Amino acid sequence: MSKPRLDGWAAQAADAKFAEPDTCSQRATRFERTIRRRNGMEYAAGLLVIALFGAGTIASLARGEWLLALGPLLVAMGALAVMANLARRGSNLERRPEDSCAAHLRRQLAHQSAALRSVPIWYIGPLVPGVLVLFGVVTFKVAQRTGWPIALSGIAGPAAVVLGIFAAVIALNLWAARSLDREIADLDRRIHQQ
């Protein structure tokens, strides 16, 4: 009996190697679980920030410190905006029936990488107005009693800590985005080798 002849695409794919379907599915599911867990922790942290700065707002208002209440209020509102942005930018993508597992995983990785790269805008950005107002009002109130040199030197340390935290958050997210970009490149390489 003669060997059947392969025509067209079948001839080109005679030596094709396919990944185990479970491997891709497990990887995608594991990644989605990681995203859900990360987002859950972020939502919990956001609620804590809202509770603490909301209490600071109420305490300032109770003392009649209307201007001092504005900073914590803006931070709490910023945390709310961060949580809404996280839901929109950082949540898992829905699986589309027309996408292969590899296409879905690639789309998911690219979506998360883009979210991580834009953290300065949607994560840090909403918190900045409240932090600036809070530092500004506290510095102004202290300067009224002690003078500007002492007030400015007193706020320098806390401002440096907050700036350092913001810088660290941005750096860690950019590092994570680069890591996801390497995973995307690796996935693309494997897809093209098949």
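Here are some notes:
- Sequence-distant contacts, meaning Cα pairs under 8 Å at least 6 residues apart, place the relative contact order of the chain at 24 percent.
- If you plug the beta carbon distance of W175 and L152 into 1/(1 + (r/R0)^6) with R0 = 25 Å, you get a FRET efficiency near 0.15.
- The ellipsoid that matches the Cα gyration tensor of the stretch 86-194 has semi-axes, each √(5λ) in whole angstrom, of 45, 14, 6, with the longest given first.
- Taking the convex hull of Cα positions in the stretch 38-100, its mean projected area over all directions (nm²): 4.8 nm²
- To put it simply, the accessible area of the chain at a 1.4 Å probe is 67 percent carbon and sulfur.
- With one equal scatterer per alpha carbon and no solvent term, the Debye-computed log10 I(q)/I(0) for the chain at 0.07, 0.14 1/Å reads -0.36, -0.89.
- Our estimate of slack between A143 and T29, defined as 0.36 nm per intervening residue step minus the Cα-Cα distance, is 35.6 nm.
- Where the chain is the region considered: accessible area per residue in Å², 1.4 Å probe: 64 Å²
- Here the gap between D99 and A62, fully extended at 0.36 nm per residue and compared with their Cα-Cα distance, gives a gain of 7.7 nm.
- Helix-only mean residue ellipticity at 222 nm for the chain, each DSSP H run of n ≥ 4 adding -39500 (n - 2.57), per residue, nearest 500: -28000 deg cm²/dmol
- Length added when fully stretched, M41-H192, from 0.36 nm per residue minus Cα-Cα: 50.7 nm
The values are calculated or read from the model by the stated rules, or taken from the named source; none is laboratory data. Quick caveat: nothing in here was measured; it's all calculated off a predicted structure. Every residue, glycine as well, gets a Cβ built from its backbone with ideal geometry; the counts of neighbours run over all protein chains shown. Please note that ligands, DNA and RNA were not included when accessible areas were found on the heavy atoms of the full protein model with its side chains. Shrake-Rupley method; radii C 1.70, N 1.55, O 1.52, S 1.80 Å.
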